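Heads up: the structure comes next, in structure tokens.
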Amino acid sequence: MPKVHPVTRGKAAGRLRAALRTVPHRLREDLWTHAGEEPPAAGGRPPGWLEWRPAIMVPLLIGAVVMLAGNTNIYAFGYGMGMPLAVLAAGVQAAAPVLALYRPVLAWWATTAALLLAGCYAALHVDPFTPFGPEPPWRRTGLPAQAAVLFLAALRVRPRATAEMLALGALTGLLADGLCADGPLIGQLNDARLPVTVLTLCALVGALLRGRQKARTELVVQEKLTAEERARRTLLEERNRIARELHDVVAHHMSVISIQAQVAPHLAENPSDEFKENLRGIRQNAVEALTELRRVLGVLRSEDARPEHAPYAPQPTLDRLDELVGNVRGAGVPVTVDTTGTPRPLSPGTGLSAFRIVQEALSNAMRHAPGAAVHVALGYRPDRITLRVTNTAPDRPAPPSPGTGHGLLGMHERTAMLGGELAAGPTPDGGYEVTAILPAPAAPAVPSDDAEDTR
């Protein structure tokens, strides 16, 4: 047999002593301060099955009445407690399962105290020749209440607290039976196999159900977090797409500014040095800003799904609305366009957003309302432009969508970016309507040279 090194033996003994020293602290933490109880769910709601407590209360109350009547009779006439003390002990045991729905640790202490009280009185007053016989109190009166409380407690407390309740409950039962038993210790342990097995099964089943409920709760929380993360990622992707498009517009204008600043000195007669220096500074700032924009665009497009050698087309505006409507009609969707007011050029950001909103609305109509007719209405006002895309009810079910789209989200983002308003929802006839109002103040008129000469 191999020898154990003294140092190793000493370390093992030290760890054992340290573990034994922590036992009282853990017992106090789990079974006295209620730290082992399951905390309530978010919002103060009870976890899992405890939402059914009003329904569970009915059978428990019926069982409490039956237990109260039976145990009171046994304690008063079989164990010699007297009626007042018998009613007290039986009432504590009968009320403990009901109390376990709210305070499982306190209910466990109540059943343990009642069992010890019954064991003490049985040891002093039980007569072997009474009609109740010499059966110990654990198996006769204490086991039903103890098993019910342990099962309900296992659904609420941590597994370590459940194991502690099981161990201390079994020891308490053995002590209560040993106080009034005259047989040998081996016989008492044999008789205790049934109650120990019952308590173990109750604790095991309760702990397994608690673990299952906890796993389901964590799964629901994880699914919620996943949905929130997916929505956040979708929002960021759409904002990234909008930022790429607007950066293209800004980069175009910065290029125009740079070119105009470079050409302007050649268009003026005898430009002064100060004039040239100012234009040179404007061009230098424009070139630096354009360089920074290209760097940002490189970052934004690093995750773009566009092929490497795909050409970059100019950003569309409402000037290409006829082309967009023609493509939709070519796909078999009847589209009508109505324009009110006087069409006018819009700022690049407003024109791009307006085109994208109509494009997304038409795409949603094609995807979710097959066979429906679509009407596009544009309204030009002095300070705004109104877009309304309406489709009739579909004439057949829509095919399943492959995933979460960005359509409505992109419309809301573009509208909010410009400080406008957007409303989307079903119509009374079963169709769908998207309405967007975008601020679009008219550009001030630039006076001509002829007008200046007549003043």
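Assorted remarks:
- Scope region 326-366; condition over 33 Å from the mean Cα position of the chain (by Cα), open to solvent by 50 Å² or more (accessible area, probe 1.4 Å) and hydrophobic (A, V, I, L, M, F, W, C); matching residues: ALA331, VAL337
- Residue list for region 254-274, filter: exposed (fewer than 11 other Cβ atoms within 10 Å of the Cβ) and either more than 18 Å from GLN284 (Cα to Cα) or among the charged types (D, E, K, R) (or both): LEU267, GLU269, ASN270, SER272, ASP273, GLU274
- The one condition in (1) modelled with pLDDT of 85 or more; (2) closer than 30 Å to THR217 by Cα; (3) outside any loop (DSSP other than H, G, I, E, B) that LEU101 fails to fulfil: (3)
- Residue selected from region 74-94 under the condition open to solvent by 20 Å² or more (accessible area, probe 1.4 Å) and at pLDDT 85 or above, by the criterion nearest to GLN146 (Cα to Cα): VAL92
- Checked against (1) within 20 Å of LEU194 (Cα to Cα); (2) at pLDDT 85 or above, PRO136 passes all but a single condition, namely (2).
- Residue count for region 367-386, restricted to those that are surrounded by 21 or more Cβ atoms within 10 Å (Cβ to Cβ) and under 24 Å from VAL250 (Cα atoms): 1.
- Within region 362-389, residues that are over 12 Å from THR336 (Cβ atoms) sit with their Cβ atoms under 7 Å from residues that are surrounded by fewer than 16 Cβ atoms within 10 Å (Cβ to Cβ) and basic (Lys, Arg), at 6+ positions apart or across chains, in these pairs: PRO370/ARG396; GLY371/ARG396; TYR380/ARG344.
- Top-ranked residue of region 280-298 - restricted to ones that are under 39 Å from the mean Cα position of the chain (by Cα) and surrounded by 14 or more Cβ atoms within 10 Å (Cβ to Cβ), ranked as modelled with the highest pLDDT: LEU293
- Residues of region 403-455 classified as farther than 22 Å from LEU352 by Cβ, at pLDDT 85 or above and of a type in the set (S, T, N, Q), total: 1
- Of all residues in region 406-436, those that are in a helix (DSSP H, G or I) and either of a type in the set (A, V, I, L, M) or touching a residue at least 24 places away in the same chain (Cβ under 8 Å) (or both) total 11.
The values are calculated or read from the model by the stated rules, or taken from the named source; none is laboratory data. Only a predicted model underlies this, so the values are computations on that prediction, with no experimental measurement involved. We place every Cβ from the backbone using ideal geometry, glycine too, and count neighbours over all the protein chains shown. Side chains are part of the model used for accessible areas, which takes the heavy atoms of the whole protein and leaves out ligands, DNA and RNA. Shrake-Rupley method; radii C 1.70, N 1.55, O 1.52, S 1.80 Å.
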